[in-house]
Amino acid sequence: MLKKMKERGVEPNEFTYTCLIGGLAKHKKIDQAKKMLKYMKSMGLRPRVVTYNAFMSGLAHREKFADDQSYNRHVDEAIMILKEMIQEGIRPNPSGVSVLIGAFGKCNHPRVTEALALVAKLEGEGIISKNNILISTALVQVLGAAGDFNGAMSRFRGIRKPDVAAVNAWLD
């Protein structure tokens, strides 16, 4: 696709690379996604928050994993992408963080402690705001997946104005 674009005189931009990176990650081609991110940077294009969100979202995609260990490695990789993003001075947004938090809950043994610790750390550093509805909804899902009814209820009650997604997470 990149070759075709160049042949036709169309220069790929940040959004072109974002789509490629997210797609590669979703199809378990992590090394290629990393290379594409590196190549994007070498072309003088600065990744945006949406680029990193696409990468993390691709990594968090649960379909077609034969075993939980492989999925856990993808979640660990998504954590590394979040760290890289922060180190590069790109502030994560609630959408990307909630995808990562949700991934903790998709593990066969939900990684609740890590999800709560990550949220506490990001809130403590002022990277995300306390009680953000997207992140709280993701935590309701993680706590529910782990069978922690009281924790899920507590998080749900902390949402000032639950939207449809929050209510569905609670019901689920």
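A few remarks follow.
- Here the chain is scanned for GluC sites (Glu not before Pro) in DSSP loops (not H, G, I, E, B) that have at most 16 other Cβ atoms within 10 Å, and the longest stretch holding none of them is 1-62.
- Computed from backbone phi with θ = phi - 60° and the Karplus coefficients 6.51, -1.76 and 1.60, the 3J(HN,Hα) list for the stretch 45-55 is 9, 8, x, 9, 4, 5, 5, 5, 4, 5, 4 Hz; x is used for glycine and proline.
- With the whole protein complex present, residue 34 retains an accessible surface near 80 Å², based on a 1.4 Å probe.
- Anisotropy class of the stretch 65-162 from Cα gyration tensor, a/c 1.5 cut: oblate
- Shown are 55, 149, 15, whose ranking by accessible area with a 1.4 Å probe and every protein chain present, most to least, is 149, 15, 55.
- For the stretch 93-100, 3J(HN,Hα) per residue [Karplus equation, 6.51 cos²θ - 1.76 cosθ + 1.60, θ = phi - 60°, Hz, x = Gly/Pro]: 9, x, 4, x, 5, 5, 4, 5
- Added length on full extension, which subtracts the Cα-Cα distance from 0.36 nm per residue, residue 113 to residue 32: 26.1 nm
- Within the full protein context, the accessible area of residue 16 is estimated at about 30 Å² for a probe radius of 1.4 Å.
- Separation of alpha-carbon centers, the stretch 124-172 and the stretch 18-46, rounded to whole Å: 31
- When you restrict to C-alpha pairs under 8 Å that are six or more residues apart and normalise by the size of the chain, the relative contact order lands at 15 percent.
- Residue order by solvent-accessible surface for 27, 74 is 27, 74, largest first, with ligands and nucleic acids left out and a 1.4 Å probe.
- Of 10, 164, 142, the residue with the largest accessible area leads and the full order is 164, 10, 142 (1.4 Å probe).
The values are calculated or read from the model by the stated rules, or taken from the named source; none is laboratory data. Treat the numbers as computed from the prediction; the structure is a model and nothing was measured. FYI the Cβ positions are ideal-geometry reconstructions off the backbone, even for glycines, and counts take in every protein chain you see. Each accessible area value is taken on the protein alone, full model and side chains, heavy atoms only, with ligands, DNA and RNA left out. Shrake-Rupley method; radii C 1.70, N 1.55, O 1.52, S 1.80 Å.
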